[in-house]
1. Where the accessible area of region 1-141 is counted over protein heavy atoms with a 1.4 Å probe, how much of it, in %, is carbon and sulfur?
2. If we sort 138-150, 160-172, 181-193, 112-124 on the protection proxy, mean other Cβ atoms within 10 Å, highest first, what's the order?
3. Antiparallel versus total DSSP beta bridges in region 101-212: what percent is that, nearest 5?
4. Using a 7 Å offset from the Cα along the Cα-to-Cβ direction at both E27 and K100, what is the distance between the two label points in nm, to one decimal?
5. Given Cβ point charges of +1 (Lys, Arg) and -1 (Asp, Glu) and nothing else, what value in debye, to the nearest 20, does the dipole of region 62-172 about its Cα centre take?
6. Nearest 5 percent is fine: what portion of the DSSP beta bridges confined to region 41-129 is antiparallel?
7. Would you work out the charge dipole size for the chain about its Cα centre, treating the Cβ of every Lys and Arg as +1 and the Cβ of every Asp and Glu as -1, and quote it to the nearest 20 debye?
8. Do the sum for the chain: with -39,500 (n - 2.57) for every DSSP H run of n ≥ 4, divided by all residues, what is the mean residue ellipticity at 222 nm, to the nearest 500 deg cm²/dmol?
Amino acid sequence: MKKALIMVDLQNDFCKGGSLAVPGGDEVIPLANELQAYFDLIIATQDWHPHDHTSFAANHPDKGVGDTIIIDGVPQILWPSHCEQSSRGAEFHPGLETRKVSKIFYKGVDKTIDSYSAFFDNAHQRSTGLDEYLRHEKIEDIYIMGLATDYCVKYSALDARQLGFNVYLIEDACRGVALKPGDIALSLEEMQAAGVRLVKSRDIIDAGTHAA
Ligand code: VGL
Ligand code: ZN
């Protein structure tokens, strides 16, 4: 059974000092590096927005950060400008080991629609190609870690379940935004209800089955 590690959005803007810093975001970087040894395939995602992206509050003069608007029937939370294509904020955290990453999937590249999930945009219209890639690589088990638990991590895990993969969330290797208190716990419950299994990085390290 081939296992993939998906490292979600381990980028400067989601870490300390970034424009959309997730509390404790950089704490997961050493775990990301350590965990890579236990997987057959390592994949990373990058939130990768054009400067005029619809999810940026700055592009809606009458709105503010944290407001929700509806675009083509899809709710969109407005965020501080973040992860602009080719900016320093969009780069991987400098401490992240990337040599074993076999492929990077970029998301949120279309200015008219956001993409929390690593698989599909928020309207579920366009695939990033990750599904096809995982099947081509004969992956059945997907382990997800990264930022942020209550957005990109959650929607990636839910889509992976819907696509029929066995999905494990490495709970201690994720951090959440928590716009509202309790959001992180709620998102964990939502994922579990969809069949996502919660694991700790220690479980993976102690099981000790290094990839060949
Ligand atoms: C994310 C909000 C906006 C994430 C990305 O990576 O979870 N959250 N863009
Ligand atoms: Zn984003």
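The values are calculated or read from the model by the stated rules, or taken from the named source; none is laboratory data. None of these values were measured; they are calculated from a predicted model. Every residue, glycine as well, gets a Cβ built from its backbone with ideal geometry; the counts of neighbours run over all protein chains shown. To get the accessible areas, we keep the full protein, side chains included, count just its heavy atoms, and leave off ligands, DNA and RNA. Shrake-Rupley method; radii C 1.70, N 1.55, O 1.52, S 1.80 Å.
1. Details: 3270 of 6520 Å².
That share works out to 50 percent.
2. 138-150, 112-124, 160-172, 181-193
3. Values: 1 of 10 bridges.
Around 10 percent of the beta bridges assigned by DSSP in region 101-212 are antiparallel ones.
4. In this crude label model, E27 to K100 measures out at 2.3 nm.
5. Working: 12 positive and 18 negative charges, 60 e Å.
The dipole magnitude comes to about 280 debye.
6. On the way: 5 of 13 bridges.
Just about 40 percent of them are antiparallel.
7. On the way: 20 positive and 31 negative charges, 77 e Å.
About 380 debye.
8. Details: 5 runs with 41 residues, N = 212.
Counting only the DSSP helices, I get -5000 deg cm²/dmol.
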